[in-house]
Amino acid sequence: QVQLVESGGGLVQAGGSLRLSCAASGRTFSNYAMGWFRQAPGKEREFVTAINWSGGSTYYADSVKGRFTISRDNAKNTVYLQMNSLKPEDTAVYYCAASGAMVIVIRLREYDYWGQGTQVTVSS
């Protein structure tokens, strides 16, 4: 089992920044690729970004490319999501997830463990 706990969400004005963290515990963190997803009210959960087990490879949804950055610190068992130039359409609950595939995967069903989510609200 892997337990994931997100933090860092909040309310921010458009154009602002937030940094989300996801702390993992349980099994060896570096055995997992990590991803961030988000779910806005009334919408399906969608892929945001992912990082492979080592941090050497990343992938972003077009909607966040150039604004968001994913990173990980395997020594701290933590993955981060730096969000800059936030827009009201970024408002959602953000979830981190762990995949035993170790390589980057983007589909929800390829992730084995999920956090409880953290709310991000961007005001216009």
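The values are calculated or read from the model by the stated rules, or taken from the named source; none is laboratory data. Not measured: the values here are computed from a predicted model. Quick reminder, even Gly has a Cβ in these numbers, built from the backbone with ideal geometry, and neighbours come from all protein chains shown. Side chains are part of the model used for accessible areas, which takes the heavy atoms of the whole protein and leaves out ligands, DNA and RNA. Shrake-Rupley method; radii C 1.70, N 1.55, O 1.52, S 1.80 Å.
Look at Tyr59 and say whether it is aromatic (Phe, Trp, Tyr), open to solvent by 40 Å² or more (accessible area, probe 1.4 Å) and in contact (Cβ under 8 Å) with a residue 24 or more places away in the chain.
Details: aromatic (Phe, Trp, Tyr): yes; open to solvent by 40 Å² or more (accessible area, probe 1.4 Å): yes; in contact (Cβ under 8 Å) with a residue 24 or more places away in the chain: yes.
So Tyr59 fits the description; yes.
Determine which member of the set Phe37, Phe47 is closer than 18 Å to Arg109 by Cα, touching a residue at least 40 places away in the same chain (Cβ under 8 Å), open to solvent by 20 Å² or more (accessible area, probe 1.4 Å) and among the aromatic types (Phe, Trp, Tyr). Walk me through it before giving the result.
Values: Phe37 fails: open to solvent by 20 Å² or more (accessible area, probe 1.4 Å).
It is Phe47.
So, Tyr94, is that one open to solvent by less than 30 Å² (accessible area, probe 1.4 Å), over 30 Å from Ser123 (Cβ atoms) and hydroxyl-bearing (Ser, Thr, Tyr) or not? Let's see the steps before the verdict.
Numbers: open to solvent by less than 30 Å² (accessible area, probe 1.4 Å): yes; over 30 Å from Ser123 (Cβ atoms): no; hydroxyl-bearing (Ser, Thr, Tyr): yes.
In short, no.
Sort out which residues of segment 102-124 are in a loop (DSSP other than H, G, I, E, B), among the aliphatic types (A, V, I, L, M) and on the phi < 0 side of the Ramachandran plot, and write them in order of number.
Taking segment 102-124 and keeping what is in a loop (DSSP other than H, G, I, E, B), we get 102-107, 111-112, 115-117, 124.
Subset that is among the aliphatic types (A, V, I, L, M): 102-106.
Hits for segment 102-124 are Val103, Ile104, Val105, Ile106.
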